């Protein structure tokens with residue numbers, strides 16, 4: 001297990017060494033470490049090496065210089081200029097929140113962005129300020145349209161968070177694929193098979209080989225329904241922002257130096273302009289209470305609300321430490337060696353724990 005402070009210190013130092021300004025380095029480190037805290041290792045420090053490589057090969061600009069076009073009282077379009085994804089996404093949600101505070105709703109569309117980590121990071125930011133947060137992003141081709149055998153859409157995640165009167169926000173965060181592509185990347189790093197039904201190879205045949213899956217496509221969740229949701233994300237992010245979509249969206253993992261040009265969509269809704277802040281949060285709490293009190297099906301011990309398990313894991317790991325895979329640990333050590341960064345003195349896991 002690794003201490004949260006050590007991981008934050010290490011990740012921040014890596015980003016600073018790669019040329020990222022201090023404040024942006026700290027924020028991006030927080031985004032990645034929090035993903036590991038919440039059990040989403042696919043979006044945690046396992047991505048740090050790709051982020052740093054992306055900076056080094058020109059896919060990601062370390063100094064983010066966004067151009068925010070205030071197109072209306074509740075809208076803005078942001079050209080991220082290939083900046084660091086988490087920095088851009090935070091600014092986009094904060095812009096939406098500023099507008100929602102005044103007008104009840106704020107919407108921002110982002111073009112020329114990069115991988116921004118877990119979308120729940122930004123919807124939960126909105127919830128922490130009393131608003132409903134809604135976020136989505138396109139990504140490099142990973143999902144075929146229903147009936148096709150070649151990847152066209154990204155895994156195109158969708159997230160929503162809503163504050164409640166007592167307790168953590170309801171926080172929904174899901175990919176439109178059967179599994180997040182990050183899970184397949186992680187399996188490939190560990191040379192482990194993936195479950196049947198997750199992916200197809202380049203010829204359209206089912207595969208459990210993660211390397212073949214990365215050359216092929218991840219299947220959409222719920223068949224045509226997942227395909228439809230991926231299409232919706234592409235319309236709201238890629239098309240509405242004037243950014244890349246479909247085949248034109250790249251990846252920080254691709255060879256070459258062409259930036260991914262990821263597009264994103266953020267919305268903040270201020271309940272005060274609808275039924276009032278307090279009333280809304282009370283109703284969310286009532287909804288949660290009613291949902292979790294539904295009689296249990298056989299074999300289940302409880303009904304969870306989306307985001308609940310992630311928060312429980314975060315609370316536990318802040319106290320007892322964070323597990324990371326041996327592959328991720330080795331990547332961190334290689335980055336530190338490259339930039340002559342001293343490993344924290346206490347960076348000695350008591351056990352090797354993999355997700």
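The values are calculated or read from the model by the stated rules, or taken from the named source; none is laboratory data. Predicted model, so just to flag it, every value in this text is computed and none were measured. For neighbour counting, all protein chains shown are included, and Cβ atoms are generated from backbone atoms with ideal geometry for every residue, glycine included.
Annotation: of all residues in the stretch 178-196 being at pLDDT below 90 and outside any helix (DSSP H, G or I), the one that is nearest to residue 331 (Cα to Cα) is 180. Every condition in (1) buried (at least 21 other Cβ atoms within 10 Å of the Cβ); (2) over 20 Å from the mean Cα position of the chain (by Cα); (3) under 30 Å from residue 188 (Cβ atoms) holds for residue 257 except the one numbered (1). Scanning the stretch 237-252 for residues that are buried (at least 22 other Cβ atoms within 10 Å of the Cβ) and part of a helix (DSSP H, G or I) yields a count of 3. When 87, 77, 105 are screened for being assigned by TED's automatic domain parsing to the domain that holds residue 270 and under 19 Å from the mean Cα position of the chain (by Cα), only 87 passes. When 299, 256, 261 are checked against the criterion of being at pLDDT 95 or above and either under 28 Å from residue 233 (Cβ atoms) or touching a helix residue (DSSP H, G or I) at 6+ places or on another chain (Cβ under 6 Å) (or both), 261 stands alone in meeting it. Scanning the stretch 251-272 for residues that are touching a strand residue (DSSP E or B) at 6+ places or on another chain (Cβ under 8 Å) and over 22 Å from residue 159 (Cβ atoms) yields a total of 1. If you go through the stretch 198-217 and keep only what is out of contact with any helix residue (DSSP H, G or I) (no Cβ under 6 Å at 6 or more places or on another chain), touching a residue at least 12 places away in the same chain (Cβ under 8 Å) and not in a helix (DSSP H, G or I), you end up with 198, 200, 203, 204, 208, 209, 216, 217. Within the set 199, 142, 162, the sole residue that is at pLDDT below 95, crowded, with 24+ Cβ neighbours inside 10 Å and in the same structural domain as residue 239 (by TED's automatic domain parsing) turns out to be 142. Within the stretch 69-128, can you find the residues that are farther than 30 Å from residue 39 by Cα, touching a strand residue (DSSP E or B) at 6+ places or on another chain (Cβ under 6 Å) and assigned to a helix (DSSP H, G or I)? Listed by number, the residues that qualify are 99, 100.
Of everything listed in (1) in a helix (DSSP H, G or I); (2) in contact with a helix residue (DSSP H, G or I) (Cβ under 9 Å, 6 or more places away or on another chain); (3) without any contact (Cβ under 8 Å) to a residue 24 or more places away in the chain, the single unmet condition for residue 222 is (1).
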